[in-house]
Structures are given as C-alpha cells and as structure tokens.
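Colleague: First, the structure itself, so that you have it in front of you.
The values are calculated or read from the model by the stated rules, or taken from the named source; none is laboratory data. A quick note: this is a predicted structure, and the numbers were derived from the prediction, not measured. When we count neighbours, we look across all protein chains shown, and the Cβ atoms used for this are built from the backbone with ideal geometry, even at glycine. Protein only, heavy atoms only, side chains kept; ligands, DNA and RNA dropped before computing areas. Shrake-Rupley method; radii C 1.70, N 1.55, O 1.52, S 1.80 Å.
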Amino acid sequence: MATVTQAPPPVAPPLPEKRPPRRRGRWTPYLLLLPGLLWLFVFFALPVIYQASTSVQTGSLEEGYQVTWHFATYWDALSDYWPQFVRSVLYAASATVLCLLLGYPLAYLIAFRAGRWRNLIMILVIAPFFTSFLIRTLAWKTILADGGPVVDVLNTLHVLDVTAWLGWTAGDRVLATPLAVVCGLTYNFLPFMILPLYTSLERIDPRLHEAANDLYARPSTTFRRVTFPLSMPGVVSGTLLTFIPASGDYINADLLGSTDTRMVGNVIQSQFLRILDYPTAAALSFILMAAILFIVTFYIRKSGTEDLV
C-alpha cells in the first residue's frame, strides 16, 4: 500500500522591509503661516511696541522725545479726559443696542422669510460698503439738517421734546447733539450686526421650529426657548463687531456732533495731529485698548460664549 506524502507548505515570500514614513511636508503649515505672521508682526506688533515706547517718553517736538519711563502720563491722560471715555462707551453701547434691535428682525426675515428675495436683501445690506465711510456720514448731515423733513416729523410727534429732556437733543434740532452721533454710529455699523446674526440664524435647523409647533409652543415661546439661544453666537459676534469700532470712532462725533459730544477718538486724533502731544495720545490709545479688552472679556464670560475668543 503506497504512502501518500504531503507536499511541504508553500513558503511565504519575505515581507518587504517597512521604511519609516517620509516626513516631507512637516514644514508646509509653518511656511503657509509665515506671510500672515510676518504681516501681523510688521503692521501690528511693531506699531504697538512703538506706541508703548512713545507713551512713556517726555520732551517736546522741538527738543525731541526720550524714553524716561514716565508712567504718570497715563494717570494725567485719564484724569483729564475721563468724560470722553465715559461718553465713548455710552455712545457705542447705545449704538450697539439700536443695531441689535434693528438688525435682529431683519436678519430673522432674511434667514426664514425672505425666500427668493434673500439675495436681493443681502445685497441691499452690503451696498453701503461700496460707498466711502466719510460720504455716508456726510449724508446724515443732510438728512438731519435743521428744517429738514426728519426734524419736522420729529417735532410734529414731539419726539425732540422727550429727547431734549433726556439730554440727547437740543429741543428743536438734531445736528450737533448726542442723538445725531448715535444715529450715525448705528447706521454705519448696522451691517456688522446683521451679517453675523444672519449667519447664526441660517444654521438653525427648521425642524426645531416644526417640533416646537407640534408641541403647541407659542411663537414667542419658540423664539425665547429655541431661536434666540441658538443665535447667541451671532448676537455676541455682532455686538462685538459693532461696539469695538464704534467706541474708537471719531468721524461721526466730528461731523455730526459738537464740542460737547467729543469722544475719546476725537481726543486721540487731536493730540496726534493738532496738539502734537504724542505721549498723551499714545497713553490714551492704550487706555482705550485696555478698557475695550476688559469690557469684551467680561461680556463674553457673562454671555457664556467663551469659545469665541
């Protein structure tokens, strides 16, 4: 009886040696970041360092300025111009609240009710940016002119009497009053409020509104419990984009206001270009920057959106 011999199992070919992966592109992200970092260093970091050095200098334009670490300039600037700081915060906060009250309904309309008119309304919102900031502010000087239709309507409705009692108008005119400055700030920075609000509202899933309707929630309850909480990132972003530039603005206060409505931006501009007191101007700039950082940080933490910073 023949024996059956089994063939030996096939020998597997040797596996190729694993080579370590080539780290070819590990420097690519850093090289892509280099132009942006260089831009920030040249046009942001260096000017900030220079202004910090200027704020602690003493001297005059004729004799020259030298760094003497004179930190008393900060206290002198704050003690002399604190009304302008308070006025800047008050005007910027008022304009921010008005932008929110005007911009939220419009952003809600564009996001949920505009339909085929959405693109057209968005173009109308962005259209003012195609015109110079200065020209837009000068246009408000014509709109709010004494004897114009706006002032006549406000006088007929006795609105100016109420605002005069609050100290925002002169009683018979709007120009050269706090109301004119706040109106200019509100108009110029309104798109900065609408765009973040629209972006945040557009991301809300419409099925959440349908679920609220199925649960017999009132429209006001749906807005309070669903829509507004989900749009808080847009609210915070819009208020920051409005308040920060408005607090340092000086064009609206210069063209629409008077000497009694000067903001801290007007003081800085005057110190730099007219009085030529560079240390005081630099100190005011740093005080304004520190105040804005403090207000923004406090606001973000209280609103519960720390992930935006």
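Colleague: Every residue in region 30-65 that is in a helix (DSSP H, G or I) and either in contact (Cβ under 8 Å) with a residue 60 or more places away in the chain or basic (Lys, Arg) (or both), please. So that I can check it myself, show each step before the final result.
Modeller: Filtering region 30-65 for residues in a helix (DSSP H, G or I) gives 30-55.
Selection gives GLN51, ALA52, THR54, SER55.
Colleague: Got a sec? Which of PHE223, PHE286 is under 22 Å from ALA107 (Cα atoms) and aromatic (Phe, Trp, Tyr)? Please lay out each step first, then the result.
Modeller: Working: PHE286 fails: under 22 Å from ALA107 (Cα atoms).
Answer to the selection: PHE223.
Colleague: Out of the residues in region 280-304 that are in contact with a Ser or Thr (Cβ under 7 Å, 6 or more places away or on another chain) and under 19 Å from GLU62 (Cα atoms), state the one that is least open to solvent (accessible area, probe 1.4 Å).
Modeller: ALA282
Colleague: Could you check how many residues of region 140-161 are assigned to a helix (DSSP H, G or I) and without any contact (Cβ under 8 Å) to a residue 40 or more places away in the chain?
Modeller: Result for region 140-161: 13.
Colleague: Would you point out which residue out of LEU102, LEU124, LEU109 is free of Cβ contacts under 8 Å to residues at least 60 places away in the same chain, assigned to a helix (DSSP H, G or I) and open to solvent by 80 Å² or more (accessible area, probe 1.4 Å)? Can you show your working first?
Modeller: Details: LEU102 fails: free of Cβ contacts under 8 Å to residues at least 60 places away in the same chain; LEU109 fails: open to solvent by 80 Å² or more (accessible area, probe 1.4 Å).
Residue meeting the stated conditions: LEU124.
Colleague: Sort out which residues of region 196-216 are open to solvent by less than 40 Å² (accessible area, probe 1.4 Å) and among the hydroxyl-bearing types (Ser, Thr, Tyr), and write them in order of number. If you could, list the steps in order and put the result at the bottom.
Modeller: Looking only at region 196-216, we keep the residues that are open to solvent by less than 40 Å² (accessible area, probe 1.4 Å), and these are 196-198, 200-201, 204, 209, 212.
TYR198, SER200, listed by residue number.
Colleague: Same structure, new question: Out of all the residues in region 141-195, which are buried (at least 20 other Cβ atoms within 10 Å of the Cβ) and among the hydroxyl-bearing types (Ser, Thr, Tyr)?
Modeller: The answer is THR169, THR177, THR186, TYR187.
Colleague: Separate question: Do you know which of the residues in region 166-192 that are of a type in the set (S, T, N, Q) and part of a helix (DSSP H, G or I) is nearest to ALA95 (Cα to Cα)?
Modeller: Let us first name the residues in region 166-192 that are of a type in the set (S, T, N, Q), namely 169, 177, 186, 188.
Still in the running and part of a helix (DSSP H, G or I): 186, 188.
On the way: THR186: 5, ASN188: 10 Å.
The residue in question is THR186.
Colleague: Which one is nearest to TYR198 (Cα to Cα) among residues in region 127-139 that are in a helix (DSSP H, G or I) and open to solvent by 50 Å² or more (accessible area, probe 1.4 Å)? Steps first, please.
Modeller: Just the residues of region 127-139 that are in a helix (DSSP H, G or I), to begin with: 127-130, 133-139.
Next cut, open to solvent by 50 Å² or more (accessible area, probe 1.4 Å) only: 129-130, 133-135, 138.
Values: PHE129: 17, PHE130: 20, PHE133: 23, LEU134: 26, ILE135: 26, LEU138: 28 Å.
Out of the qualifying residues, it is PHE129.
Colleague: Does TYR50 satisfy the criteria of being open to solvent by less than 70 Å² (accessible area, probe 1.4 Å) and either in contact with a helix residue (DSSP H, G or I) (Cβ under 7 Å, 6 or more places away or on another chain) or at pLDDT 85 or above (or both)? Give the derivation first.
Modeller: Working: open to solvent by less than 70 Å² (accessible area, probe 1.4 Å): no; either in contact with a helix residue (DSSP H, G or I) (Cβ under 7 Å, 6 or more places away or on another chain) or at pLDDT 85 or above (or both): yes.
Against the criterion (open to solvent by less than 70 Å² (accessible area, probe 1.4 Å) and either in contact with a helix residue (DSSP H, G or I) (Cβ under 7 Å, 6 or more places away or on another chain) or at pLDDT 85 or above (or both)), TYR50 does not qualify.
Colleague: Do you know which of the residues in region 259-279 that are under 20 Å from GLY64 (Cα atoms) and among the charged types (D, E, K, R) is most open to solvent (accessible area, probe 1.4 Å)?
Modeller: ARG274
Colleague: Taking the condition closer than 21 Å to MET122 by Cβ and either open to solvent by 30 Å² or more (accessible area, probe 1.4 Å) or among the hydrophobic types (A, V, I, L, M, F, W, C) (or both), does PRO233 pass? Break it down into steps so the answer makes sense when it comes.
Modeller: Working: closer than 21 Å to MET122 by Cβ: yes; either open to solvent by 30 Å² or more (accessible area, probe 1.4 Å) or among the hydrophobic types (A, V, I, L, M, F, W, C) (or both): yes.
Against the criterion (closer than 21 Å to MET122 by Cβ and either open to solvent by 30 Å² or more (accessible area, probe 1.4 Å) or among the hydrophobic types (A, V, I, L, M, F, W, C) (or both)), PRO233 qualifies.
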